[in-house]
Amino acid sequence: MKKYILKRILISLFTLLAITLILFILLQLMPGSPFNDEKLSADQRAALYAKYGLDKPIFVQFFKYVGNMFRGDFGVSYNISKNTPISTLIASRLPVSCRIGFQAVFIGALIGLVLGIVAAIKHRTIWDTIATVISVIGVSVPSYVFALALSYQFGFKWKIFPMLFTAQSPYFSSVLPSVSLCMFTMASIARFTRTEMLEALGSDYIQLAESKGLYGWRLIARHALRNTLIPIITVLAPLIVDLMTGSLVVEKIFAIPGVGSLLVTAIQSNDYNVVIALSFIYSALYIGIMLAVDILYGVIDPRIRLSGAVNE
């Protein structure tokens, strides 16, 4: 198991380093520069490039950036908030996006799992039909449509929840954004759970367990659900990162000061340091979660890590 984990950690670190290098190259190919002010003369622009080290070769910039990054220094903003450390900009926004995203993932995964299990157990009944319809709606309707509908009904009309996010009531005002974002996750998990659960319930080992007198929720929890978890985790992992790093439209609707809007603003203004820092954090979260998924595979199904050990 230790070799299995170590191998995947090394692969993850190499992947993260490669992503950072590609980001540097792509940003160099972008049109324009961080200093597009027409009032700046050529000499002033050259002085700014020299000040921030942007006149150096790309590989020199890259290795310097990586060295600073390992010390927690992501550089400073060029345009959005001039000379403000990137860590300061992100520190105030990332926790907000992560909290709302985590709430959305938790709500969506929990409800989706329940819907999928009920649909599979009550196969070809009205409950299966209801769960399927809910799943189709959740996948088909964009999250911003749910956001607008919930904001109008529960915020404007019934005045149960705040229409806009407020720092004074961060959890209460994040209910509507979290529910809006959770719909796609809920629908995806419900669909996959139903499909995998139906396959599991029709398998030989379930029939064997039933012949030994195991029925009801004990049969589902101990046998059917455990074998259903691996494909569900595979689907859930990328959704976690997408939600935790923010949804731009939903953030705009509820005026959430998250990282989604910051990233778009940084791209529009060619604020290289902000773009690279946020992309790096996004990639690190994605790779970290996929690494956790790989390890969970080995925990849930020992055959995976055993086959890996045999191949090595």
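To keep it simple, each residue is scored yes or no on (1) surrounded by 14 or more Cβ atoms within 10 Å (Cβ to Cβ); (2) within 29 Å of Tyr171 (Cβ to Cβ).
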residue: Gly101; (1), (2): yes, yes
residue: Ala104; (1), (2): yes, yes
residue: Ile117; (1), (2): yes, yes
residue: Ile121; (1), (2): yes, no
residue: Thr129; (1), (2): no, no
residue: Thr132; (1), (2): yes, no
residue: Ser135; (1), (2): yes, yes
residue: Ser140; (1), (2): no, no
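Could you run through region 52-72 and say how many residues are over 23 Å from Ala42 (Cβ atoms) and part of a helix (DSSP H, G or I)? Walk me through how you get there before you give the answer.
The first filter runs over region 52-72 and keeps only residues over 23 Å from Ala42 (Cβ atoms), leaving 59, 62-72.
Next, only the ones that are part of a helix (DSSP H, G or I) stay: 59, 62-69.
Residues in region 52-72 being over 23 Å from Ala42 (Cβ atoms) and part of a helix (DSSP H, G or I): 9 in total.
Taking the criterion of being crowded, with 18+ Cβ neighbours inside 10 Å and in a helix (DSSP H, G or I), the residues of region 73-97 that qualify are Ile86, Leu89, Ile90, Leu94, Val96, Ser97. Among the residues of region 281-300, not a single one is outside any helix (DSSP H, G or I), of a type in the set (Gly, Ala, Ser), modelled with pLDDT of 80 or more and surrounded by 15 or more Cβ atoms within 10 Å (Cβ to Cβ).
Consider Leu243 carefully, then state whether it is modelled with pLDDT under 70 and hydrophobic (A, V, I, L, M, F, W, C). Working first, answer last.
Numbers: modelled with pLDDT under 70: no; hydrophobic (A, V, I, L, M, F, W, C): yes.
No: the conditions fail for Leu243.
Looking across region 256-296, the residues that are in contact (Cβ under 8 Å) with a residue 40 or more places away in the chain and more than 19 Å from the chain's Cα centre (by Cα) come down to Thr265, Ala266, Ser269, Asn270, Asp271, Tyr272, Asn273. Please give the number of the condition Ala167 fails out of (1) surrounded by fewer than 21 Cβ atoms within 10 Å (Cβ to Cβ); (2) assigned to a helix (DSSP H, G or I). So Ala167 meets the others, but not (2). Checked against (1) in a helix (DSSP H, G or I); (2) under 18 Å from Ile80 (Cα atoms); (3) among the hydrophobic types (A, V, I, L, M, F, W, C), Ile256 passes all but a single condition, namely (1).
Only one of the numbered conditions (1) at negative phi; (2) exposed (fewer than 15 other Cβ atoms within 10 Å of the Cβ); (3) out of contact with any helix residue (DSSP H, G or I) (no Cβ under 8 Å at 6 or more places or on another chain); (4) not acidic (Asp, Glu) is not met by Gly32, and that is (1). Looking at this structure, is Leu150 closer than 25 Å to Leu219 by Cα and surrounded by 20 or more Cβ atoms within 10 Å (Cβ to Cβ)? When the stated conditions are applied, Leu150 does not pass them. Check whether at least one residue in region 57-72 is at pLDDT 85 or above and among the charged types (D, E, K, R), and report yes or no. Looking for residues that are at pLDDT 85 or above and among the charged types (D, E, K, R), one finds at least one in region 57-72, hence yes.
Of the residues Leu27, Leu16, Leu110, the single one that is modelled with pLDDT of 80 or more and either in contact with a helix residue (DSSP H, G or I) (Cβ under 6 Å, 6 or more places away or on another chain) or among the acidic types (Asp, Glu) (or both) is Leu16. Of the candidates Leu40, Leu54, Leu94, Leu148, the single residue that is of a type in the set (A, V, I, L, M), farther than 30 Å from Thr195 by Cα, modelled with pLDDT of 90 or more and out of contact with any Lys or Arg (no Cβ under 8 Å at 6 or more places or on another chain) is Leu148. Scoring Pro57 on the criteria (1) closer than 22 Å to Ser81 by Cα; (2) surrounded by fewer than 11 Cβ atoms within 10 Å (Cβ to Cβ) leaves a single failure, condition (1).
The values are calculated or read from the model by the stated rules, or taken from the named source; none is laboratory data. Small disclaimer: the values here were computed from a predicted structure and weren't measured. Virtual Cβ from ideal backbone geometry, glycine too; neighbours counted across all protein chains shown.
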